[in-house]
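Below: one structure, written as structure tokens.
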Amino acid sequence: MWLVLKGWRTNLLFAPGVAGLILLGYGFPGLTYHDCLAVFNLSVVINLVVVILVHTYVALQFNKAIKNKSLLFNINAILPLVTLAAYLVYCIAFTVATLTGKGEARVFIPGDHTIGKAILFATAHGLLNFFFINNRYVSVNIRNNDDEWQQVQYRKEFLLPMKRLVRLSLYIGAICLLATLIKDISTLF
């Protein structure tokens, strides 16, 4: 597999979201807070799509490498990626409209519309795949393999990168939650 996720490469996948968070926190000359909020929303969605894309890619490559391939697993892995890509297109259009002054400056909340509810469901499905289903599928299939050398190879090439992505996303999510909590508490005093 050509994709090797070690150290800085895994961290680099989260750069768009971190850059958006920094932009939101410190602003940018010439952009209002609402403009920064729209760019932040876009950067977080880009980050989400990139991370889910890489995770899905690794999971699909694993499914291709094993003997008992599962078409249902492929569909289950690709479906959230397609819906997140559609949401990314929406966010790009929304951000361009906001920055050019042709749109209302607000962040899209997935519960706003019927389509928003579908996006919310697909995002929840994608996160469940990301945190639980894909890793479990890969782990169980590795364990069911009789060849010990092949198990070690599969763990190294597929399971470890997937676990790194999940672990790092949990760390970044916790740090963002903590930073938001600290900022909110500091504004009270």
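Only the coordinates and a few stated rules stand behind these numbers; no lab work does. All figures in this text were calculated on a predicted structure; none of them were measured in a lab. Cβ coordinates were reconstructed from backbone atoms using ideal geometry, including for glycine residues, and neighbour counts include every protein chain displayed.
Data for the structure
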quantity	calculated
Helical mean residue ellipticity (222 nm; -39500 (n - 2.57) per DSSP H run of 4+; nearest 500) of the chain	-25000 deg cm²/dmol
Relative contact order (percent, whole number), the chain, Cα cutoff 8 Å, 6+ residue spacing	25 percent
The stretch 6-87: C-alpha gyration tensor shape, a/c 1.5 cut-off, then a/b vs b/c	oblate
Dipole axis of the chain (+1 Lys, Arg; -1 Asp, Glu on Cβ), positive-most option in Ser139, Asn74, Gln153	Gln153
Net charge, Tyr171 excluded, C-beta distance under 13 Å - Lys, Arg +1, Asp, Glu -1	+3
Under the Karplus curve 6.51 cos²θ - 1.76 cosθ + 1.60, θ = phi - 60°, whole-Hz ³J(HN,Hα) for the stretch 12-17, x wherever Gly or Pro sits	5, 4, 9, 4, x, x
Counted charge near Trp149, where neighbours are those whose Cβ lies closer than 14 Å (Asp, Glu -1; Lys, Arg +1)	-2
Peptide ranges 34-43, 175-184 listed from the most packed, as the mean C-beta count within 10 angstrom indicates	34-43, 175-184
Karplus-derived HN-Hα couplings along the stretch 161-173 (A = 6.51, B = -1.76, C = 1.60, θ = phi - 60°), whole Hz, x at Gly and Pro	x, 5, 5, 4, 4, 5, 4, 5, 5, 5, 4, 5, x
Identified option (computed percent of Cα pairs over 21 Å apart; candidates [x] 52; [y] 58; [z] 70)	[y]
Added length on full extension, which subtracts the Cα-Cα distance from 0.36 nm per residue, Asp146 to Phe189	9.4 nm
